[in-house]
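Here the structure comes first, spelled out in C-alpha cells, and everything after it is commentary.
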Amino acid sequence: MSRKLTTYTEPSVAERLARAPSIDVLRLLRGSLAVGSIKGNVDPSEKTEKMWEHIFWRRVIELMLTPGGDCPTYIYNEALRWSKPPHVADAIEMALKTACAFRNPTPQ
C-alpha cells in the first residue's frame, strides 16, 4: 500500500512575507502571526521566527525602494510603530533617504 504525499496548496509563511505586495498586506500578515502565536495556533521555533523577522524587515525595505509602489514615507510611518532592532531602524532610515532622493531629485 502506498502512502499519499501531502500536497500543500498554500504558500509558506516565509513566501507570503517575501511576496507581500504592499505594506498593508505585510502589516496584516504580521498581525495575524502575532494573534496566532497568542492563541497557540502558530508555534514556530526560535530559528523560524528569526527567519520570518529577517524576511519581514527585508520586505519593508524592498517596498520602500520600489519605484511606483507605496509612498516611502507612508511605509516609514507604518514601520515606526513596530519594535525593531537598532540596525533595522538604521536601515529603514537609509532606505527612506534613498527613496526620497530618488523620487525627488534636486535640480542641477
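For this structure, a couple of remarks:
- Check on P44, of a type outside the set (A, V, I, L, M, F, W, C) and out of contact with any Ser or Thr (no Cβ under 9 Å at 6 or more places or on another chain): no
- For L29, the test of being touching a helix residue (DSSP H, G or I) at 6+ places or on another chain (Cβ under 7 Å) and aliphatic (A, V, I, L, M) is passed.
- Residues that are of a type in the set (V, I, T), within 16 Å of S22 (Cα to Cα) and more than 14 Å from the chain's Cα centre (by Cα), drawn from region 42-99: T73
- Restricting V42, V60 to residues that are of a type in the set (V, I, T) and touching an Asp or Glu at 6+ places or on another chain (Cβ under 9 Å) narrows the list to V60.
All of the numbers you see were taken from the coordinates with simple rules; none came from a lab. None of these values were measured; they are calculated from a predicted model. Backbone-built Cβ (ideal geometry, glycine too); neighbour counts: all protein chains shown.
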